[in-house]
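Written below as structure tokens is the structure these notes are about.
The values are calculated or read from the model by the stated rules, or taken from the named source; none is laboratory data. Computed from a prediction, not measured in an experiment: that's the story for all the values here. No Cβ is skipped: glycine too gets one built from the backbone with ideal geometry, and neighbour counts run over all protein chains shown. Surface areas here come from the heavy atoms of the whole protein model, side chains and all, with no ligands, DNA or RNA. Shrake-Rupley method; radii C 1.70, N 1.55, O 1.52, S 1.80 Å.
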Amino acid sequence: MPARPRVVAFDVVETLMSLEPLCGRFAEVGLAPELVPRWFDRTLRDGMALTLAGDYATFPEVGASALRTLAAGSLDEDAVAHVMGGFATLPAQPDAEPAMRVLSGAGITVVCLSNGTAETTTGFLERSGLSGYVEQVISVADVRSWKPPRRVYEYALELTGCSAGEVFLVAVHAFDCHGAKRAGLGAGWAGRLEGHYAEVFTPADVVGRDLVEVASRIAALPR
């Protein structure tokens, strides 16, 4: 059993941030609302593909490119900007604040580690009332690599001043937990998005139905 960490690093998009309101913006530009998950999956895939090829582009750049491809080139730039502009309004997931409250109450420092930009993440935290819980925002842009390569998590360790054994990554994406585990961190996976933890990935240390259950189980780990 792992020890209780000093720091928990939350993934942001889908883990803390809800993409549901983007469904309305998709509809407004003529795209089926149910394409939002497919668009986000493509965005992750393309960001990872660039990383594998030794290149890098920011989340807004990759997201906009994925949107144009999903629409088969039918969207003009105003439509793309309208959809991507929705990120400035997205709310927190219902379980985000309660989970952070549990961890803070247990004396565990909370940070964010996102594929998104630091500016977008900071704005989201301030808008959703979560900024008071979060000590630090860490963006993959600083190392020009999308998760899950090891160097992203090692950069987070460098900024927090912790060893790998003192940090947990919490996410709703099994691939992110796998990356954290491969870098020596602990991992907590909430099943509300994927519903099943893919067997091809290294198991997470803590599993729960949602972020609150994961946070409670992390806080209950022995010191």
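Structure above, values below:
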| item | result |
| --- | --- |
| Full-stretch length increase - residue 55, residue 182 - with 0.36 nm per residue and alpha-carbon distance subtracted | 43.5 nm |
| Over the chain: Rg over Rh, Cα atoms, Kirkwood Rh | 0.96 |
| Cα-based shape type of the stretch 161-223, given that a ≥ b ≥ c are square roots of the gyration tensor eigenvalues and the cut on a/c is 1.5 | oblate |
| Cα-derived Rg to Rh of the stretch 76-138, Kirkwood definition | 1.07 |
| Label point at residue 209 placed 7 Å out along Cα→Cβ; residues across the stretch 96-111 whose backbone nitrogen lies under 11 Å | none |
| Residue 142 - accessible surface, heavy atoms, 1.4 Å probe, Å² rounded to 10 | 100 |
| Mean residue ellipticity (222 nm) of the chain, computed from DSSP H runs ≥ 4 via -39,500 (n - 2.57), nearest 500 | -12500 deg cm²/dmol |
| Accessible area of the chain belonging to carbon and sulfur atoms, whole % at 1.4 Å probe | 52 |
| Nearest-10 value in Å² for the accessible area of residue 104, using the 1.4 Å probe | 50 |
| Nearest-20 debye value, the chain charge dipole, Cβ charges on Lys, Arg, Asp, Glu | 680 |
| Distance (nanometres) between label positions extended 7 Å along Cα→Cβ at residue 200 and residue 81 | 3.9 |
| Sparse-neighbour loop sites [GluC sites (Glu not before Pro); the stretch 1-51; at most 11 other C-beta within 10 Å; DSSP] | none |
| Rounded accessible area of residue 89 (nearest 10 Å², 1.4 Å probe) | 70 |
| Added length on full extension, which subtracts the Cα-Cα distance from 0.36 nm per residue, residue 72 to residue 151 | 25.0 nm |
| Cα gyration tensor shape of the stretch 92-205, rounded if a/c is under 1.5, else prolate or oblate by comparing a/b with b/c | rounded |
| Surface accessible to a 1.4 Å probe, per residue, for the residues of the stretch 12-159, Å² | 44 |
| Prolate/oblate/rounded label for the stretch 25-95 (Cα gyration tensor, a/c 1.5) | oblate |
| Potential lengthening between residue 217 and residue 19 on full extension [0.36 nm per residue; Cα-Cα distance subtracted] | 68.7 nm |
